[in-house]
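To start, the structure itself, in structure tokens.
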Amino acid sequence: MAIIERPSAEIAVAGAAPSGVKPSEALGVFKRPAASTSWKDWLVTVDHKKLGIMYGVAAFFFFIVGGVEALLIRLQLAGPEGKILSADQYNQMFTMHATTMVFLFVMPMVSAFANYFVPLQIGARDVAFPRINAFGFWCWLFGGIFLNTSWFLGGAADGGWFMYAPNSSTLFSPSHGIDFWVLGLQITGIASLTGAINLIVTVLNMRAPGMKLMRMPIFTWMTLVVQFLLLFAMPVITVALFLLSFQRSFDATFFDVAAGADPLLWQHLCWIFGHPEVYILILPSFGIVSEIIPVFSKKPLFGYPIVAMSGAAIGFVGWGVWAHHMFASGLGPVSVAVFSMATMAIAVPTGVKIVNWIMTMWGGKLSFTVPMLFAIGLVVQFTIGGLSGVTHSVAPSDTQQTDTYYIVAHFHYVLFGGAIFGLFAGFYYWWPKIFRKQLSESLGKWNFWLMVIGMNMTFGPMHILGLQGQPRRMQVWTEARAGEGFFNIGFWNRIASLGSFILAVGVLLFIINIIYTHKSKKVAIAPLDPWDARSLEWMTANPPVEHNFDSIPTVNNLDEFFHRKYAEDPNTHEVRQVATAEEVLAELNAHPDEHIHMPSRSYWPILVSLSLPIICYGLIYNRLLMGVGAAFLLLTMFGWAMEPSTAPDDDFDPPAPGEGGGHTKELAPLG
Amino acid sequence: MADTALAHGADHGAPHTTTGLSNNKLGMWIFLGSECLLFGGLISTYMLYKGRVSAGPQPDQIYDIPFTSVSSFVLLMSSLTMVLAVSAAHRRDDRNTNLWLTVTALLGATFVGGQVYEFTAFYREGLGFTTSLFGSSFYTLTGFHGVHVTVGIIMLMALVGMVRRNRIPGSKAETVELIGLYWHFVDIVWIVIFTLVYLIPS
Ligand code: HEM
Ligand SMILES: [Cu+2]
């Protein structure tokens, strides 16, 4: 319920309201926090752009945590009989590495982009449920922190990221690590669910006039598909997590094989969630490169409807392939055949996209900027990962590959080479939009090439290691059993470890690039439209004002911004520039909406979400604490329910200075 | 009234959305879509495990179909009263809105009471949460549903309080309708559970 414009008659009434009215009494429990520039504003903000930045910063922090975990794993395997990590620590390390990268880096980084750019791309002023948006962020952050405190409280989870039961029951993993894992993921799961509802409603309901579904930028399209995947995938893993925690905490029997339990129950639930999850991780990056490639090829995206629809097709078919993760579990020949075929089929819409990107570049005026390089990196590396995926879809072949490093190679090509390269493309592309300055291109090229070399050096050899039979999650190797010549696994393990450090230097250069760009006086403020972009998010100031658009644009075309800058000469059919970005923006701002209502800041999202880790610590350590947390949850939820999403001006603490108060804006026409 | 003009804020009138449905309503529908999968997972688990009784009673030894039929009927009737509450809210008839909301909550509470009684009886007959796979999955499935009904009752009672004190942010009728949607959903899920768990013999 973000924005409506109050009819001016009503404003007049409100303005004339007698001072005897005490709105804070009539409305919420607290007075509202007013706008401020202090750090506290970030705690109470409901602005989708600020939340996007918060998601991004926190997710990047977890990227570093997960990266250090990965480096420790590679150090352990860098030589024979590694002594860096004990077997127990090694198990915790790979479990938390994967969990962190999937749930605490890629997913929230996608939320960062989606939060920031989806409303801008569809011409909206905020998301549909701003407070729920803030709530989701805090749930995710608190869940992630909660999960990681397990390192200091007796050891982290050690069952692998797919946490197969019964292996994850207390008998085999008696520490609290898995309890933290289960509960932490339940909390972050709330963020995914609320985020999905919020973004779906935003995209369906809050588009600018004329922004038909088939005029939406592909990034918005892919976000929509992904949010539907999350909407239906999260409850499945939620059920699985509940069953496991009931088993671990209350002695339920779900995975107790002695009592007759089916050990495949967990695997099915896990992968019914897990396979859609891999598309949740990759599709947003597909969206990002589908924005970038046309811009740097100076051509519209080839086959826009096909790209959009193949994304949706992946979203559907993605539900029917989960058992390809279970080929070795004895499903029976019919199931194996069906799932094998379905898996081969899903490679088709994926391949279609690759063809579209290549056709977009074909004959275009390519400029190899850093965002474009990362986008091309995705196309190439993802293709390699997709092809090894197809080799797993062949069940007899997969029974040789499964649980070896070959699988590790596959999913790192699609996830690092694909998803993460896409995110980096997005960082470089949208950086000037968010932070006004453009990241250094020359440092960026070093960043890119080191990451490409590091990534292929780390994960390329894993194909060989896997086919040689090195099992995944193996803690040590010995020279005596390493094999001979080209296939000596010692050699390839050393190469992979070396590669991982090159990769780390590449990522470090990204951080250095950020610091350099923002500290150096030599880097000027970027122009309004540095890349000659095509979509609506660029039709705003850098960074966008709080209400995004002074007046909501009416959309007449796919690539609306482009069409406002360029027009085809009717006689010569030549495309000429007719306006600069500055002129387009000035024209849009010339007739600003008179009254803009932005959703008001609120204390409740952070307060409600704070109760969740309290409840979870209580569940593990002390039932009384759990009760305290639950009471806190109930009270804060009531507080929230009583608070309207938009407050009048005098419901602020401190009182809003004059007209405004951070949520009402009166815009005067230009000049 | 000046203060209501103030209080209305964003919820005043029907905000123009692309689909025409209000954000809240669309959001509730989408949320319920997700809930279908939650119950889908729990029901599947139960169906997988209902025959696996390594210890303790079998399902058909303890189910008391007549009793559960009556409590199911009570829950079904609460959907009817919910409809009446919604229509009263649309007529801006606060008194009847509150009346029917209260009746709905009471019927819901009767159902939950019946469930508590049923659980106690089953427990006395030897079916604990940890007794068998059947026990674990039965209590988990019906327990989750019971929690949903309980959450619904809390929302209904909160709604009654807020209608009475005129503290509903936004449109009253729509708020009642949203909670109504949730309530009907929970009822429908029960019909599925009742059929699959109790009526179809294992
Ligand atoms: C061309 C499309 C793809 C095909 C045909 C495919 C096929 C497969 C198959 C059959 C497996 C199971 C191998 C085994 O465990 O024995 C697998 C594993 C995996 N795939 Fe893919 N895949 C594709 C794309 C992707 C994408 C886009 C992602 C993520 C971005 C991804 C991530 C993963 C992950 C993480 C695993 C390993 C899960 C685990 O066991 O921990 N795949 N893939
Ligand atoms: Cu899969």
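The values are calculated or read from the model by the stated rules, or taken from the named source; none is laboratory data. Computed from a predicted structure; not experimentally measured. Cβ placement follows ideal geometry from the backbone for every residue including glycine, while neighbour counts extend to all protein chains displayed. When the accessible area is computed, the model is the full protein with side chains, heavy atoms only, and any ligands, DNA or RNA have been set aside. Shrake-Rupley method; radii C 1.70, N 1.55, O 1.52, S 1.80 Å.
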Checklist entry - Label B:VAL83 and A:SER38 with points 7 Å out from Cα along Cα→Cβ: what is the distance between them in nm? => result 5.5 nm
Checklist outcome for this item: With R₀ set to 56 angstrom, the calculated FRET efficiency between the beta-carbons of A:GLU574 and A:TRP319, to the nearest 0.05, is 0.75
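For chain A, what is the relative contact order in percent, using Cα pairs closer than 8 Å and at least 6 residues apart in sequence?
Values: 1109 pairs, mean separation 129.6, N = 671.
With pairs under 8 Å counted, the relative contact order is 19 percent.
State to the nearest 20 debye the size of the charge dipole of region A:196-340 about its Cα centre, where the only charges are +1 on K and R beta carbons and -1 on D and E beta carbons. Don't skip to the end; give the middle numbers.
Details: 6 positive and 5 negative charges, 170 e Å.
The dipole magnitude comes to about 820 debye.
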Next on the checklist: If you fit an axis through the alpha-carbon atoms of helix A:489-519 and take the longest principal axis of the Cα set of chain A, what angle between them do you get, 0 to 90°, nearest 10?
Outcome noted: 10 degrees
Checklist entry - Distance in nm between label sites at A:TRP362 and A:VAL257, each 7 Å beyond Cα in the beta-carbon direction? => result 5.3 nm
Next on the checklist: Test of understanding: in a Gaussian network model of chain B with alpha carbons linked when under 10 Å, which of B:ALA105, B:ALA89, B:ALA55 would top the mean-square fluctuation ranking?
Outcome noted: B:ALA55
Item to check | Interface size A-B, as summed buried accessible area [1.4 Å probe, Å², nearest 100] | outcome: 4300 Å²
Item to check | Percentage relative contact order, region B:24-199, counting C-alpha pairs under 8 Å, at least six apart | outcome: 34 percent
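How much length, in nm to one decimal, is gained on full extension between A:MET214 and A:THR399, taken as 0.36 nm per residue of separation minus their Cα-Cα distance? Write down the numbers at each step before the final one.
On the way: separation 185, 0.36 × 185 = 66.60 nm, distance 4.22 nm.
Answer, rounded to one decimal: 62.4 nm.
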Item to check | Cα centroid separation - region A:388-404 against region B:16-90, whole Å | outcome: 41 Å
Checklist entry - Any idea how far apart A:GLU582 and A:GLN89 come out in nm if each label point goes 7 Å out from Cα toward Cβ? => result 5.8 nm
Item to check | Most positive-pole-ward Cα, A:ASN557, A:SER335, A:TRP604, against dipole of chain A from beta carbon charges | outcome: A:SER335
Checklist outcome for this item: In terms of the alpha carbon gyration tensor, root eigenvalues a ≥ b ≥ c, rounded if a/c is under 1.5 and otherwise prolate when a/b exceeds b/c or oblate, chain A is oblate
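State the extension gain, in nm to one decimal, for the chain segment bounded by A:ILE453 and A:VAL505, taking 0.36 nm per residue of separation less the distance between their alpha-carbons. Intermediate results must be reported in sequence, preceding the final value.
Values: separation 52, 0.36 × 52 = 18.72 nm, distance 1.08 nm.
So the chain would gain 17.6 nm between A:ILE453 and A:VAL505.
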Next on the checklist: Helix-only estimate, please: 222 nm mean residue ellipticity of chain B, summing -39500 (n - 2.57) across DSSP H runs of length 4 or more and dividing by its residues, to the nearest 500.
Outcome noted: -25500 deg cm²/dmol
Checklist entry - By how many degrees, 0 to 90 and rounded to 10, does the Cα axis of helix A:333-361 deviate from the longest principal axis of chain A? => result 50 degrees
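Counting only protein heavy atoms and using a 1.4 Å probe, what share of the accessible area of chain B belongs to carbon plus sulfur, as a whole percent? Spell out each step's value before the answer.
Details: 5900 of 8850 Å².
Taking all protein chains in place, chain B shows 67 percent carbon and sulfur surface.
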Item to check | Protection proxy ranking, peptides A:532-542, A:363-373, average beta carbon neighbours within 10 Å, highest first | outcome: A:532-542, A:363-373
Item to check | A:SER440 long-range amide H proximity, modeled H, under 5 Å | outcome: A:THR517
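What whole-number value in Å² describes the accessible area per residue of region B:24-199 for a 1.4 Å probe? Kindly include the intermediate steps, with their values, before the conclusion.
On the way: 7370 Å² over 176 residues.
Ligands and nucleic acids excluded, the figure is 42 Å² per residue.
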Next on the checklist: Could you give the length gained by full extension between A:ASN556 and A:VAL348, i.e. 0.36 nm per residue of separation minus their alpha carbon distance, to one decimal place?
Outcome noted: 71.7 nm
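Note the direction-averaged projected area, equal to a quarter of the hull surface, for the Cα convex hull of region B:24-199, in nm². Kindly include the intermediate steps, with their values, before the conclusion.
Details: hull surface 39.3 nm².
Its average projected convex-hull area is 9.8 nm².
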Checklist entry - On the accessible surface of chain A, probed at 1.4 Å, how many percent belong to carbon and sulfur atoms? => result 70 percent
Next on the checklist: Through the Karplus equation 6.51 cos²θ - 1.76 cosθ + 1.60, θ set to phi - 60°, convert the phi angles of region A:266-282 into ³J(HN,Hα) values in whole Hz; use x for Gly and Pro.
Outcome noted: 4, 4, 5, 4, 4, 8, 4, 6, x, 6, x, 4, 5, 6, 4, 6, 8
